[in-house]
Amino acid sequence: MAERPDIKTLWRNQKTEDTVTLENIHEKAGKFQRRIHNRNRREYIGVVIVVLVFGWYVWALPGWMTKAGSALAIVAALFVAWQLHRRAPARKVPDGSGMGLVDFHRRELVRQRDALRSIWLWYILPFMPGIMLMMLGRWFQFHAAGRPLDLDHLIIVLCTVIVALVFGIVWLLNVLGAARLQRKIDDLDKLKSE
């Protein structure tokens with residue numbers, strides 16, 4: 001009877017889709033840069049939407065606080081677009097293979113990881129003054145017609161909680177994304193040390 005191989009050894013030695021080799025690094029680098037390009041395009045479209053919506057708010061909503069908060073949200077969106085362009089643009093993958101390509105891909109992973117780790121500073125924080133000013137404007141300067149003041153205040157508080165949750169989820173997803181990129185960086189470091 002033939003001897004059966006150890007299951008643990010087979011499992012550890014199996015090739016997976018995420019195994020990094022010099023042969024597939026060019027493909028992985030290209031795919032990564034395309035994902036970055038598509039992400040940035042979605043973010044820039046989001047900036048245009050924010051500018052249009054909050055521009056309309058500046059014009060349509062009553063009260064200087066909500067108008068100023070809307071204007072600050074526009075400034076924040078433009079700042080985020082500039083930071084995204086500065087910190088995390090997609091780059092062209094160089095031709096060739098070997099360690100130069102590995103170094104390029106590693107630098108790009110590190111750059112994107114660092115951008116995700118600091119997202120609270122350049123993506124979330126810039127929106128806070130405008131949103132807070134808008135909420136304060138709703139609280140103190142105008143209320144929904146035909147709605148009791150207590151109910152309107154409750155709605156404002158709930159909207160504030162929802163906004164905080166959305167920003168918290170954005171932050172958490174980016175922290176998880178940074179951790180995923182760190183694992184890829186570690187895999188490349190293992191490949192370079194072999």
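The values are calculated or read from the model by the stated rules, or taken from the named source; none is laboratory data. Bear in mind the structure is a predicted one, so any value in this text is a computation, not a measurement. Neighbour counts run over all protein chains shown; Cβ positions are idealised from the backbone, glycine included.
Test Y123 against the criterion of being assigned to a helix (DSSP H, G or I), of a type in the set (S, T, Y), closer than 19 Å to V170 by Cβ and in contact with a helix residue (DSSP H, G or I) (Cβ under 8 Å, 6 or more places away or on another chain), and give yes or no.
Taking the combined requirement at face value, the residue satisfies it.
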By residue number, the members of segment 3-47 that are among the small types (G, A, S) and at pLDDT 95 or above are G46
Only one of W56, W82, W64 that is among the aromatic types (F, W, Y), over 27 Å from the mean Cα position of the chain (by Cα) and under 30 Å from G137 (Cβ atoms): W64
Scan segment 48-64 and tell me whether some residue there is surrounded by fewer than 10 Cβ atoms within 10 Å (Cβ to Cβ) and at pLDDT 95 or above. yes
When you go through A145, A90 one by one, which is the residue that is more than 18 Å from G69 (Cα to Cα) and either in contact with a Cys (Cβ under 9 Å, 6 or more places away or on another chain) or loosely packed, with under 15 Cβ neighbours inside 10 Å (or both)? A145
Failed condition for Q112, given (1) touching a residue at least 60 places away in the same chain (Cβ under 8 Å); (2) loosely packed, with under 15 Cβ neighbours inside 10 Å; (3) part of a helix (DSSP H, G or I), with all others met? (2)
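Let me confirm something: among P89, P94, P129, which residue is part of a loop (DSSP other than H, G, I, E, B) and in contact with a helix residue (DSSP H, G or I) (Cβ under 6 Å, 6 or more places away or on another chain)?
Details: P89 fails: in contact with a helix residue (DSSP H, G or I) (Cβ under 6 Å, 6 or more places away or on another chain); P129 fails: part of a loop (DSSP other than H, G, I, E, B).
None of the others qualify; the one that does is P94.
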Out of contact with any Leu (no Cβ under 7 Å at 6 or more places or on another chain) and in contact (Cβ under 8 Å) with a residue 60 or more places away in the chain: does that describe R117? yes
Just to be sure before I move on: is L125 in contact (Cβ under 8 Å) with a residue 40 or more places away in the chain and either surrounded by 14 or more Cβ atoms within 10 Å (Cβ to Cβ) or under 26 Å from I74 (Cβ atoms) (or both) in the structure I sent? no
